[in-house]
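Shown next, in structure tokens, is the structure this report addresses.
Nothing in this text is a laboratory measurement; each read-out follows from the coordinates by a stated rule. These numbers come from a predicted model, not from an experiment. Every residue, glycine as well, gets a Cβ built from its backbone with ideal geometry; the counts of neighbours run over all protein chains shown.
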Amino acid sequence: MTAARSFAISTAFVLTGLGRVLRRLGDHAGARDALQRALRINEVIYGPNHHYTAQTLTHLGAAQRDEGDLVTARAVLERALAIDEAVYGADHPEVAWVLTHLSAVTYELGQLRSAEAMLDRALAITETTYGTDHPDVAWALTHVGTALHRAGQLTQAKASLERALAIVETIYGRSHPQVALTLIPLGLTLRDLGDRDTARALLERASIILAEARLGPDHPETRGAANALRDLGAGASQPAARPASRP
């Protein structure tokens, strides 16, 4: 490997990591720019149909969704899905990961049945690959629960989110930020089911966990929990929370 190629590979790796961090911090434009730079490098180094290219495309599509550029995000994620299906086959966990991101975009574009089919497929792949108590299963279940909430299927949403919560609490403990990110959509679902006291308790618990994690008051997830609590106190309704990124 030449020094130039090695440097390019390292640069793309760092840019991808930077894009993921900026996305978690809510800097959507910065995340998109970093990931686009990483993508250009990976396409030159590995080619347009390599798995590393698909990985970067998936992160980029998620960042574009965060920005609200849903049409572009869908095209980018569909390209990633086609690459991973060609590389790994239809039932690989990397395919499930892309499907979960693509389903979120598809839901926001109003194509509910297509999104539900993607989520069902992603969850089936993940459970078959890892078993029923894996972090990726919890992540998929949180997406399923959020989607069901948005579709008005609140009882089913509650069951999916409670299952996700049980998994992450077992894996990470009761005070991990990933637990908080599951408590938020569950709290919002319980609110809409009329169980406002339990909803408030879950959202307060999420806020405490995020505060102790020192994410800061301006972090997207901290703001989400605070806004949900404020709206709950005011009796207002808030849309179902977006699931967090895969750990």
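Quick rundown of the values:
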item	result
Cα-based shape type of region 80-125, given that a ≥ b ≥ c are square roots of the gyration tensor eigenvalues and the cut on a/c is 1.5	prolate
Relative contact order (percent, whole number), region 1-142, Cα cutoff 8 Å, 6+ residue spacing	15
Charge context of Ile167, other residues only, Cβ under 13 angstrom, K/R +1, D/E -1	-3
Computed magnitude of the charge dipole of region 1-124 (debye, nearest 20; Cβ of K, R +1, Cβ of D, E -1)	340
Residue order, fewest to most beta carbons within 10 Å, for Asp84, Asp197	Asp197, Asp84
Part-to-part distance (alpha-carbon centres) for region 192-213 and region 64-124, which is given in Å	30
Euclidean distance of C-alpha centroids, region 165-188 and region 1-63, integer Å	29
Size of charge dipole - the chain - debye, nearest 20, with Cβ of Lys, Arg +1 and Asp, Glu -1, no other charges	420
Neighbour-count order for Thr189, Thr170, fewest beta carbons within 10 angstrom listed first	Thr170, Thr189
Charged-residue dipole, Cβ positions (Lys, Arg, Asp, Glu), region 62-131 about Cα centre, Debye nearest 20	120
The chain, helix-only ellipticity at 222 nm - DSSP H runs n ≥ 4, -39,500 (n - 2.57), divided by all residues, nearest 500	-26500 deg cm²/dmol
Three-way shape call for the chain based on the alpha-carbon gyration tensor, with the a/c threshold at 1.5	prolate
Kyte-Doolittle mean at least -0.5, axial Cα span of 15 Å or more - DSSP H helices of the chain	3-24, 28-45, 70-88, 93-108, 112-130, 135-150, 154-172, 177-192, 196-212
Region 32-128 shape via C-alpha gyration tensor axes, a/c threshold 1.5	oblate
Burial ordering of Arg196, Arg113, fewest other beta-carbon atoms within 10 Å first	Arg113, Arg196
Of Ala147, Thr170, Leu60, farthest towards positive along the dipole that unit charges on Lys, Arg, Asp, Glu beta carbons give the chain	Leu60
